[in-house]
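One structure is given below, encoded as structure tokens.
The values are calculated or read from the model by the stated rules, or taken from the named source; none is laboratory data. A quick note: this is a predicted structure, and the numbers were derived from the prediction, not measured. Here the Cβ positions follow ideal geometry from the backbone for every residue, glycine too, while neighbour counts run over all protein chains shown.
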């Protein structure tokens, strides 16, 4: 069994829906797919995309992203109700949202989905915030501010606290095989910044498309990495930033592989092979050989 990573499908775009539909119906039938969030805020697109991928892969695992919880085209009273709706849809489609052990010809591997959310700098010192010259600190362009609504969680901490608490049962246990964890949001500041290789590949023509938007304000939180370390993850897959990267930090291989928006692919802002999900593990070979 091979394990593949993919995030940020954004099935609201016809080109992206076609990408999913055109994935091979025979190549991945013995394999596992980790979906690190942002399929669609549209429930119909969300369900059809998941169902299509479930038909192509032996197993599909999913964690929600921020776009999945937008309250557009829905009668959900808040985004937490929407989140529960997504879990119900996943269960009906046999898409997994809880830890599970996959047995391979070797010792097998554990897949551990980690729910998460971002923390803004004004909310917590655990934010991944890095100042950006000329930024708009109000984040007026950030659609989450208009399309996501939460119930009052002020007595129990931040929204990130709420989601991280959901991972306690997964984090507070031991695992008898290597662990691959995944989340939508970023767990470390280092993952936000391009490498020299990326900068060279982009060349001088790639400019900041939104100079006043500071992604680090809504990137993730450091407490997520605390959970990754407590798990003892060998690999952690993440999404959200629409950049394909892999980086080893203190023994953990962090991998991002997204589809992203069609315009980002056309402009060359998403590097690597976006024609297929990324192979990150093969249970029939040595651990991490695919990286």
Exercise. Considering 87, 23, 33, which residue is modelled with pLDDT of 95 or more and part of a loop (DSSP other than H, G, I, E, B)?
Worked result: 23
Exercise. Mind checking which pairs have a first residue in the range 145-159 that is farther than 15 Å from residue 74 by Cα and a second that is outside any loop (DSSP other than H, G, I, E, B), Cβ under 8 Å, 6 or more apart or different chains?
Worked result: 151/80; 153/159; 153/161; 153/162; 156/162
For this session: State whether one or more residues within the range 206-217 are within 25 Å of residue 62 (Cβ to Cβ) and not in a loop (DSSP other than H, G, I, E, B).
Result: yes
Exercise. Are any residues in the range 42-84 in a helix (DSSP H, G or I), under 30 Å from residue 217 (Cβ atoms) and without any contact (Cβ under 8 Å) to a residue 60 or more places away in the chain, and if so, which ones?
Worked result: 43, 45, 46, 49, 50, 67, 68, 81, 82, 83, 84
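Do we find that residue 99 is touching a residue at least 12 places away in the same chain (Cβ under 8 Å) and surrounded by fewer than 20 Cβ atoms within 10 Å (Cβ to Cβ) in this structure?
It is false that residue 99 is touching a residue at least 12 places away in the same chain (Cβ under 8 Å) and surrounded by fewer than 20 Cβ atoms within 10 Å (Cβ to Cβ).
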Exercise. Would the range 223-238 turn up any residue that is in a helix (DSSP H, G or I), in contact (Cβ under 8 Å) with a residue 24 or more places away in the chain and loosely packed, with under 15 Cβ neighbours inside 10 Å?
Worked result: yes
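The rows are residues; the columns are (1) under 21 Å from residue 117 (Cα atoms); (2) modelled with pLDDT of 95 or more; (3) touching a strand residue (DSSP E or B) at 6+ places or on another chain (Cβ under 7 Å); (4) surrounded by fewer than 22 Cβ atoms within 10 Å (Cβ to Cβ).
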site: 56; (1), (2), (3), (4): no, yes, no, yes
site: 59; (1), (2), (3), (4): no, yes, yes, yes
site: 71; (1), (2), (3), (4): yes, yes, no, yes
site: 93; (1), (2), (3), (4): no, yes, no, yes
Seminar exercise, completed: Of (1) touching a residue at least 40 places away in the same chain (Cβ under 8 Å); (2) over 15 Å from the mean Cα position of the chain (by Cα); (3) surrounded by 16 or more Cβ atoms within 10 Å (Cβ to Cβ); (4) in a helix (DSSP H, G or I), residue 191 satisfies every one except (2)
